[in-house]
1. Mind telling me which of the residues 226, 167, 202 ends up being in a loop (DSSP other than H, G, I, E, B) and in contact with a helix residue (DSSP H, G or I) (Cβ under 8 Å, 6 or more places away or on another chain)?
2. If you go through the range 86-107 one residue at a time, do you hit one that is more than 14 Å from residue 364 (Cα to Cα) and modelled with pLDDT of 85 or more?
3. Could you run through the range 184-199 and say how many residues are assigned to a helix (DSSP H, G or I) and under 26 Å from residue 294 (Cβ atoms)?
4. Quick one: is residue 158 surrounded by fewer than 20 Cβ atoms within 10 Å (Cβ to Cβ), out of contact with any helix residue (DSSP H, G or I) (no Cβ under 8 Å at 6 or more places or on another chain) and at pLDDT below 95?
5. Please tell me if residue 112 is surrounded by fewer than 17 Cβ atoms within 10 Å (Cβ to Cβ), within 23 Å of residue 237 (Cβ to Cβ) and either touching a helix residue (DSSP H, G or I) at 6+ places or on another chain (Cβ under 8 Å) or modelled with pLDDT under 95 (or both).
6. Inspect the range 300-321 for any residue being assigned to a helix (DSSP H, G or I) and under 16 Å from residue 202 (Cα atoms) and give the result as yes or no.
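The values are calculated or read from the model by the stated rules, or taken from the named source; none is laboratory data. Since the structure is predicted, the reported quantities are computational estimates derived from the model, not experimental observations. Every residue, glycine as well, gets a Cβ built from its backbone with ideal geometry; the counts of neighbours run over all protein chains shown.
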(Lines give C-alpha, C1' and ligand atoms only; values in the text may rest on other atoms or scores of the structure.)
Protein backbone atom coordinates (compact mmCIF):
# COMPACT_ATOMS: atom_id res chain seq x y z
CA UNK A 1 0.00 0.00 0.00
CA UNK A 2 6.72 -1.02 -1.51
CA UNK A 3 6.53 0.95 -1.52
CA UNK A 4 7.04 3.70 1.06
CA UNK A 5 7.30 7.05 -0.43
CA UNK A 6 7.83 6.28 -4.03
CA UNK A 7 5.40 3.49 -3.88
CA UNK A 8 3.26 5.73 -1.84
CA UNK A 9 2.61 8.19 -4.55
CA UNK A 10 0.46 6.81 -7.16
CA UNK A 11 2.17 3.80 -6.20
CA UNK A 12 0.13 4.64 -3.30
CA UNK A 13 -3.04 5.13 -4.99
CA UNK A 14 -3.77 4.54 -8.53
CA UNK A 15 -1.96 1.58 -9.78
CA UNK A 16 -4.07 -1.25 -10.82
CA UNK A 17 -7.59 -0.52 -10.96
CA UNK A 18 -9.20 1.89 -8.68
CA UNK A 19 -9.15 4.83 -6.43
CA UNK A 20 -9.73 2.65 -3.47
CA UNK A 21 -6.93 0.43 -4.44
CA UNK A 22 -4.66 3.27 -4.40
CA UNK A 23 -4.81 2.85 -0.75
CA UNK A 24 -1.82 0.69 -0.12
CA UNK A 25 0.96 2.41 1.82
CA UNK A 26 0.97 6.02 1.08
CA UNK A 27 0.70 6.72 -2.43
CA UNK A 28 4.00 6.40 -4.14
CA UNK A 29 5.01 3.53 -2.07
CA UNK A 30 1.34 3.04 -1.63
CA UNK A 31 0.68 2.92 -5.27
CA UNK A 32 3.17 0.24 -5.91
CA UNK A 33 1.70 -1.67 -3.09
CA UNK A 34 -1.92 -1.18 -3.44
CA UNK A 35 -3.53 0.85 -6.00
CA UNK A 36 -6.44 -1.32 -6.81
CA UNK A 37 -8.98 1.44 -6.26
CA UNK A 38 -7.05 4.19 -7.87
CA UNK A 39 -7.78 3.11 -11.38
CA UNK A 40 -11.43 3.30 -10.57
CA UNK A 41 -10.97 6.78 -9.19
CA UNK A 42 -9.28 8.05 -12.28
CA UNK A 43 -12.00 6.65 -14.46
CA UNK A 44 -14.71 8.18 -12.32
CA UNK A 45 -13.15 11.58 -11.92
CA UNK A 46 -11.45 12.10 -15.24
CA UNK A 47 -13.77 10.22 -17.54
CA UNK A 48 -11.20 7.76 -18.90
CA UNK A 49 -12.26 4.63 -20.72
CA UNK A 50 -11.86 1.38 -18.76
CA UNK A 51 -8.59 0.35 -20.42
CA UNK A 52 -7.20 3.85 -20.09
CA UNK A 53 -8.27 3.96 -16.51
CA UNK A 54 -6.56 0.69 -15.76
CA UNK A 55 -3.37 2.03 -17.24
CA UNK A 56 -3.56 5.17 -15.17
CA UNK A 57 -4.29 3.22 -12.06
CA UNK A 58 -1.37 0.97 -12.64
CA UNK A 59 0.96 3.85 -13.02
CA UNK A 60 -0.28 5.39 -9.87
CA UNK A 61 0.31 2.26 -8.00
CA UNK A 62 3.95 2.66 -8.55
CA UNK A 63 4.16 6.08 -7.12
CA UNK A 64 6.85 6.17 -4.42
CA UNK A 65 5.04 8.51 -2.11
CA UNK A 66 2.29 6.12 -1.20
CA UNK A 67 3.37 2.72 -2.19
CA UNK A 68 1.54 1.07 0.63
CA UNK A 69 -1.85 1.43 -0.87
CA UNK A 70 -3.76 -1.59 -2.02
CA UNK A 71 -3.35 -2.56 -5.62
CA UNK A 72 -5.39 -5.03 -7.57
CA UNK A 73 -5.84 -5.29 -11.34
CA UNK A 74 -9.23 -4.32 -12.69
CA UNK A 75 -11.09 -7.51 -13.66
CA UNK A 76 -12.02 -7.72 -17.30
CA UNK A 77 -9.39 -5.27 -18.43
CA UNK A 78 -6.67 -7.33 -20.08
CA UNK A 79 -4.80 -5.05 -22.51
CA UNK A 80 -2.77 -6.81 -25.16
CA UNK A 81 0.98 -6.72 -24.41
CA UNK A 82 1.50 -6.05 -28.08
CA UNK A 83 -0.48 -2.84 -27.83
CA UNK A 84 -0.33 -1.40 -24.33
CA UNK A 85 -3.13 1.10 -23.70
CA UNK A 86 -2.18 4.72 -23.87
CA UNK A 87 -3.73 6.69 -21.07
CA UNK A 88 -5.85 9.63 -22.15
CA UNK A 89 -6.22 11.43 -18.87
CA UNK A 90 -6.75 15.12 -19.58
CA UNK A 91 -3.53 16.91 -20.41
CA UNK A 92 -1.32 13.82 -20.17
CA UNK A 93 0.66 12.36 -23.05
CA UNK A 94 2.30 9.10 -21.98
CA UNK A 95 5.70 8.03 -23.31
CA UNK A 96 5.39 6.51 -26.80
CA UNK A 97 5.20 2.73 -26.97
CA UNK A 98 8.39 1.07 -28.05
CA UNK A 99 8.46 -0.03 -31.68
CA UNK A 100 10.62 -3.06 -30.83
CA UNK A 101 9.06 -6.20 -29.34
CA UNK A 102 9.91 -6.90 -25.70
CA UNK A 103 13.14 -8.81 -25.31
CA UNK A 104 14.76 -7.57 -28.53
CA UNK A 105 17.61 -5.28 -29.42
CA UNK A 106 18.85 -3.83 -32.67
CA UNK A 107 20.96 -6.96 -33.10
CA UNK A 108 18.10 -9.40 -32.50
CA UNK A 109 16.34 -11.32 -29.70
CA UNK A 110 17.90 -11.64 -26.27
CA UNK A 111 17.17 -14.06 -23.44
CA UNK A 112 15.77 -12.11 -20.50
CA UNK A 113 15.41 -13.29 -16.93
CA UNK A 114 12.33 -12.56 -14.82
CA UNK A 115 12.67 -9.98 -12.07
CA UNK A 116 13.82 -11.48 -8.80
CA UNK A 117 11.05 -9.77 -6.80
CA UNK A 118 10.76 -9.95 -2.99
CA UNK A 119 9.73 -13.58 -2.41
CA UNK A 120 9.79 -15.39 0.94
CA UNK A 121 8.80 -18.74 2.38
CA UNK A 122 7.31 -18.73 5.91
CA UNK A 123 7.01 -22.10 7.67
CA UNK A 124 5.69 -23.20 11.05
CA UNK A 125 5.59 -26.95 11.41
CA UNK A 126 3.69 -28.25 8.38
CA UNK A 127 2.08 -24.88 7.63
CA UNK A 128 3.60 -22.92 4.75
CA UNK A 129 2.82 -19.40 3.55
CA UNK A 130 4.53 -18.11 0.41
CA UNK A 131 4.76 -14.30 0.37
CA UNK A 132 5.45 -12.30 -2.78
CA UNK A 133 5.88 -8.52 -2.76
CA UNK A 134 4.12 -7.01 -5.76
CA UNK A 135 4.15 -3.87 -7.86
CA UNK A 136 0.87 -2.90 -9.41
CA UNK A 137 2.59 -1.72 -12.57
CA UNK A 138 5.64 -2.94 -14.36
CA UNK A 139 7.68 -3.34 -17.51
CA UNK A 140 7.39 -6.13 -20.09
CA UNK A 141 10.99 -7.12 -19.30
CA UNK A 142 9.91 -7.97 -15.73
CA UNK A 143 7.91 -10.97 -17.01
CA UNK A 144 9.55 -12.71 -20.00
CA UNK A 145 6.96 -14.60 -22.04
CA UNK A 146 8.83 -17.90 -21.81
CA UNK A 147 9.09 -17.70 -18.01
CA UNK A 148 7.31 -14.78 -16.32
CA UNK A 149 8.46 -15.73 -12.81
CA UNK A 150 11.48 -17.43 -11.27
CA UNK A 151 11.25 -21.20 -10.90
CA UNK A 152 10.76 -21.12 -7.08
CA UNK A 153 7.81 -18.73 -7.47
CA UNK A 154 6.20 -20.86 -10.17
CA UNK A 155 6.68 -23.97 -8.04
CA UNK A 156 5.06 -22.26 -5.05
CA UNK A 157 2.08 -21.21 -7.16
CA UNK A 158 1.66 -24.77 -8.42
CA UNK A 159 1.76 -26.14 -4.86
CA UNK A 160 -0.78 -23.69 -3.42
CA UNK A 161 -4.53 -24.45 -3.40
CA UNK A 162 -5.21 -20.78 -2.65
CA UNK A 163 -3.92 -17.48 -4.06
CA UNK A 164 -4.56 -14.53 -1.71
CA UNK A 165 -4.46 -10.94 -3.00
CA UNK A 166 -5.16 -7.71 -1.13
CA UNK A 167 -8.68 -7.62 -2.61
CA UNK A 168 -10.53 -10.45 -4.28
CA UNK A 169 -11.41 -9.94 -7.97
CA UNK A 170 -15.11 -9.90 -7.05
CA UNK A 171 -14.60 -7.06 -4.55
CA UNK A 172 -12.64 -5.07 -7.08
CA UNK A 173 -15.53 -5.26 -9.51
CA UNK A 174 -17.75 -3.22 -7.19
CA UNK A 175 -15.10 -0.75 -5.99
CA UNK A 176 -15.98 2.06 -8.39
CA UNK A 177 -19.29 2.93 -6.72
CA UNK A 178 -17.68 3.21 -3.28
CA UNK A 179 -14.84 5.37 -4.55
CA UNK A 180 -17.30 7.72 -6.17
CA UNK A 181 -19.54 7.76 -3.11
CA UNK A 182 -16.81 8.55 -0.59
CA UNK A 183 -14.19 10.38 -2.65
CA UNK A 184 -16.16 12.68 -4.95
CA UNK A 185 -18.36 15.67 -4.01
CA UNK A 186 -21.31 17.08 -5.93
CA UNK A 187 -19.76 20.52 -5.71
CA UNK A 188 -16.26 22.02 -5.73
CA UNK A 189 -15.33 20.97 -2.20
CA UNK A 190 -11.53 20.63 -2.40
CA UNK A 191 -10.55 24.34 -2.41
CA UNK A 192 -12.48 24.91 0.82
CA UNK A 193 -10.99 21.80 2.44
CA UNK A 194 -7.38 22.97 2.07
CA UNK A 195 -5.38 25.85 3.52
CA UNK A 196 -5.13 28.56 0.88
CA UNK A 197 -1.34 28.11 0.33
CA UNK A 198 -1.78 24.38 -0.27
CA UNK A 199 -4.64 24.91 -2.71
CA UNK A 200 -2.60 27.47 -4.67
CA UNK A 201 0.34 25.08 -4.78
CA UNK A 202 -1.90 22.35 -6.20
CA UNK A 203 -3.46 24.72 -8.73
CA UNK A 204 0.02 25.78 -9.83
CA UNK A 205 1.06 22.15 -10.30
CA UNK A 206 -1.94 21.55 -12.58
CA UNK A 207 -1.88 24.92 -14.32
CA UNK A 208 -1.13 23.30 -17.68
CA UNK A 209 -3.96 20.80 -17.27
CA UNK A 210 -7.23 22.73 -16.80
CA UNK A 211 -9.40 19.62 -17.28
CA UNK A 212 -7.63 17.84 -14.43
CA UNK A 213 -7.80 20.93 -12.23
CA UNK A 214 -11.52 21.25 -12.84
CA UNK A 215 -12.10 17.58 -11.99
CA UNK A 216 -9.92 17.55 -8.89
CA UNK A 217 -11.91 20.40 -7.33
CA UNK A 218 -14.71 17.92 -6.66
CA UNK A 219 -12.51 15.41 -4.84
CA UNK A 220 -11.86 14.80 -1.19
CA UNK A 221 -8.23 15.58 -0.28
CA UNK A 222 -7.27 11.89 0.06
CA UNK A 223 -8.49 11.13 -3.46
CA UNK A 224 -6.92 14.29 -4.88
CA UNK A 225 -3.62 13.11 -3.42
CA UNK A 226 -3.93 9.81 -5.25
CA UNK A 227 -4.73 11.54 -8.52
CA UNK A 228 -1.74 13.89 -8.28
CA UNK A 229 0.51 10.92 -7.70
CA UNK A 230 -1.05 9.15 -10.65
CA UNK A 231 -0.20 11.90 -13.09
CA UNK A 232 3.44 11.80 -11.99
CA UNK A 233 3.58 7.99 -12.05
CA UNK A 234 2.20 7.69 -15.56
CA UNK A 235 5.26 9.48 -16.83
CA UNK A 236 7.57 6.73 -15.54
CA UNK A 237 6.56 4.57 -18.50
CA UNK A 238 5.41 1.50 -16.53
CA UNK A 239 2.29 -0.35 -17.57
CA UNK A 240 -0.70 -1.69 -15.65
CA UNK A 241 -0.95 -4.95 -17.56
CA UNK A 242 2.51 -5.80 -16.27
CA UNK A 243 1.52 -5.37 -12.65
CA UNK A 244 2.40 -8.44 -10.59
CA UNK A 245 -1.16 -9.37 -9.63
CA UNK A 246 -2.34 -9.47 -13.24
CA UNK A 247 0.63 -11.60 -14.26
CA UNK A 248 0.14 -13.97 -11.32
CA UNK A 249 -3.48 -14.54 -12.24
CA UNK A 250 -2.52 -15.25 -15.84
CA UNK A 251 -0.33 -18.09 -14.58
CA UNK A 252 -2.47 -19.30 -11.68
CA UNK A 253 -5.83 -19.50 -13.42
CA UNK A 254 -4.46 -21.90 -16.02
CA UNK A 255 -4.32 -24.70 -13.45
CA UNK A 256 -6.24 -23.46 -10.40
CA UNK A 257 -9.07 -21.09 -9.63
CA UNK A 258 -9.39 -20.18 -5.96
CA UNK A 259 -8.43 -16.55 -5.43
CA UNK A 260 -9.39 -14.77 -2.19
CA UNK A 261 -8.89 -11.35 -0.63
CA UNK A 262 -6.96 -10.56 2.53
CA UNK A 263 -9.29 -7.68 3.31
CA UNK A 264 -12.74 -6.58 2.27
CA UNK A 265 -13.53 -3.55 0.16
CA UNK A 266 -15.14 -1.71 3.11
CA UNK A 267 -12.00 -2.34 5.18
CA UNK A 268 -9.79 -0.99 2.45
CA UNK A 269 -12.00 2.03 1.86
CA UNK A 270 -12.06 2.88 5.57
CA UNK A 271 -8.28 3.11 5.56
CA UNK A 272 -8.73 6.31 3.56
CA UNK A 273 -12.20 7.60 4.32
CA UNK A 274 -11.42 7.35 8.04
CA UNK A 275 -8.48 9.75 7.77
CA UNK A 276 -8.93 13.07 9.53
CA UNK A 277 -8.85 16.28 7.50
CA UNK A 278 -5.38 17.02 8.90
CA UNK A 279 -4.15 13.61 7.73
CA UNK A 280 -5.65 14.09 4.27
CA UNK A 281 -4.02 17.50 3.98
CA UNK A 282 -0.67 16.01 4.99
CA UNK A 283 -0.99 13.35 2.29
CA UNK A 284 -1.65 15.92 -0.41
CA UNK A 285 1.07 18.25 0.86
CA UNK A 286 3.60 15.41 0.63
CA UNK A 287 2.68 14.81 -3.00
CA UNK A 288 3.59 18.39 -3.83
CA UNK A 289 6.96 18.56 -2.05
CA UNK A 290 8.94 17.32 -5.04
CA UNK A 291 8.76 18.16 -8.73
CA UNK A 292 7.04 15.72 -11.10
CA UNK A 293 10.47 14.76 -12.44
CA UNK A 294 11.68 13.89 -8.93
CA UNK A 295 8.57 11.83 -8.32
CA UNK A 296 9.14 9.93 -11.58
CA UNK A 297 12.72 9.24 -10.49
CA UNK A 298 11.36 7.79 -7.22
CA UNK A 299 9.01 5.49 -9.10
CA UNK A 300 11.88 4.17 -11.19
CA UNK A 301 14.11 3.76 -8.15
CA UNK A 302 11.46 1.73 -6.40
CA UNK A 303 11.01 -0.42 -9.48
CA UNK A 304 14.74 -1.16 -9.51
CA UNK A 305 14.72 -2.11 -5.83
CA UNK A 306 11.73 -4.38 -6.40
CA UNK A 307 13.52 -6.15 -9.22
CA UNK A 308 16.43 -6.87 -6.87
CA UNK A 309 13.98 -8.41 -4.40
CA UNK A 310 15.16 -7.38 -0.91
CA UNK A 311 12.10 -6.44 1.19
CA UNK A 312 14.12 -4.85 3.99
CA UNK A 313 16.06 -2.68 1.54
CA UNK A 314 12.77 -1.53 0.05
CA UNK A 315 11.39 -0.74 3.52
CA UNK A 316 14.51 1.25 4.43
CA UNK A 317 14.34 3.22 1.23
CA UNK A 318 10.67 3.96 1.77
CA UNK A 319 11.24 5.06 5.38
CA UNK A 320 13.91 7.52 4.25
CA UNK A 321 11.65 8.92 1.53
CA UNK A 322 8.73 9.21 3.91
CA UNK A 323 10.77 11.14 6.44
CA UNK A 324 12.00 13.50 3.73
CA UNK A 325 8.50 14.22 2.42
CA UNK A 326 6.74 14.59 5.77
CA UNK A 327 5.51 18.10 6.53
CA UNK A 328 4.32 17.11 10.02
CA UNK A 329 6.12 13.95 11.18
CA UNK A 330 3.56 13.07 13.84
CA UNK A 331 0.66 13.25 11.41
CA UNK A 332 2.66 11.48 8.72
CA UNK A 333 3.40 8.61 11.10
CA UNK A 334 -0.28 8.33 11.96
CA UNK A 335 -1.13 8.02 8.26
CA UNK A 336 1.40 5.23 7.82
CA UNK A 337 -0.02 3.46 10.83
CA UNK A 338 -3.53 3.51 9.42
CA UNK A 339 -2.77 2.84 5.76
CA UNK A 340 0.15 0.47 6.13
CA UNK A 341 0.72 -1.04 9.58
CA UNK A 342 -2.90 -1.66 10.59
CA UNK A 343 -3.42 -3.32 7.25
CA UNK A 344 -0.27 -5.41 7.73
CA UNK A 345 -1.74 -6.83 10.92
CA UNK A 346 -5.04 -7.51 9.17
CA UNK A 347 -3.23 -9.25 6.32
CA UNK A 348 -1.36 -11.56 8.69
CA UNK A 349 -4.48 -12.42 10.67
CA UNK A 350 -6.27 -13.34 7.47
CA UNK A 351 -3.30 -15.40 6.24
CA UNK A 352 -3.40 -17.46 9.41
CA UNK A 353 -7.13 -18.05 8.96
CA UNK A 354 -6.57 -19.37 5.43
CA UNK A 355 -3.40 -21.38 6.03
CA UNK A 356 -3.64 -25.01 7.15
CA UNK A 357 -1.19 -27.88 7.63
CA UNK A 358 -0.03 -29.29 4.30
CA UNK A 359 -2.15 -26.74 2.38
CA UNK A 360 0.20 -23.90 1.37
CA UNK A 361 -1.15 -20.43 0.72
CA UNK A 362 0.41 -18.13 -1.85
CA UNK A 363 0.08 -14.48 -0.75
CA UNK A 364 0.75 -11.54 -3.09
CA UNK A 365 0.68 -8.05 -1.54
CA UNK A 366 2.35 -4.72 -2.16
CA UNK A 367 6.10 -4.95 -1.66
CA UNK A 368 6.18 -2.08 0.81
CA UNK A 369 4.10 -4.14 3.22
CA UNK A 370 6.76 -6.82 3.64
CA UNK A 371 9.96 -5.48 5.19
CA UNK A 372 10.91 -3.54 8.30
CA UNK A 373 10.09 -3.97 12.00
CA UNK A 374 6.34 -3.58 11.41
CA UNK A 375 6.20 -5.43 8.13
CA UNK A 376 4.36 -8.63 7.32
CA UNK A 377 7.51 -10.76 7.42
CA UNK A 378 8.36 -9.64 10.96
CA UNK A 379 4.75 -10.15 12.08
CA UNK A 380 4.92 -13.73 10.79
CA UNK A 381 8.14 -14.29 12.73
CA UNK A 382 6.39 -13.06 15.86
CA UNK A 383 3.71 -15.70 15.23
CA UNK A 384 6.33 -18.45 15.29
CA UNK A 385 7.13 -18.74 11.58
CA UNK A 386 10.61 -19.18 10.19
CA UNK A 387 10.90 -16.77 7.24
CA UNK A 388 13.54 -17.25 4.57
CA UNK A 389 14.13 -15.82 1.07
CA UNK A 390 12.67 -18.03 -1.63
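1. Among 226, 167, 202, only 167 is in a loop (DSSP other than H, G, I, E, B) and in contact with a helix residue (DSSP H, G or I) (Cβ under 8 Å, 6 or more places away or on another chain).
2. Looking only at the range 86-107, we keep the residues that are more than 14 Å from residue 364 (Cα to Cα), and these are 86-107.
So of that shortlist, the ones also modelled with pLDDT of 85 or more come out as none.
No, there is no match, as no residue in the range 86-107 is more than 14 Å from residue 364 (Cα to Cα) and modelled with pLDDT of 85 or more.
3. Taking the range 184-199 as the starting set, the residues that turn out to be assigned to a helix (DSSP H, G or I) are 190-193, 196-199.
Still in the running and under 26 Å from residue 294 (Cβ atoms): 190-191, 193, 196-199.
Total meeting the criteria: 7.
4. Values: surrounded by fewer than 20 Cβ atoms within 10 Å (Cβ to Cβ): yes; out of contact with any helix residue (DSSP H, G or I) (no Cβ under 8 Å at 6 or more places or on another chain): yes; at pLDDT below 95: yes.
Yes.
5. Working: surrounded by fewer than 17 Cβ atoms within 10 Å (Cβ to Cβ): no; within 23 Å of residue 237 (Cβ to Cβ): yes; either touching a helix residue (DSSP H, G or I) at 6+ places or on another chain (Cβ under 8 Å) or modelled with pLDDT under 95 (or both): yes.
The answer is no for residue 112.
6. Pass one, the range 300-321, residues assigned to a helix (DSSP H, G or I): 300-308, 311-321.
Now drop any that are not under 16 Å from residue 202 (Cα atoms), which leaves none.
Scanning the range 300-321 turns up no residue that is assigned to a helix (DSSP H, G or I) and under 16 Å from residue 202 (Cα atoms).
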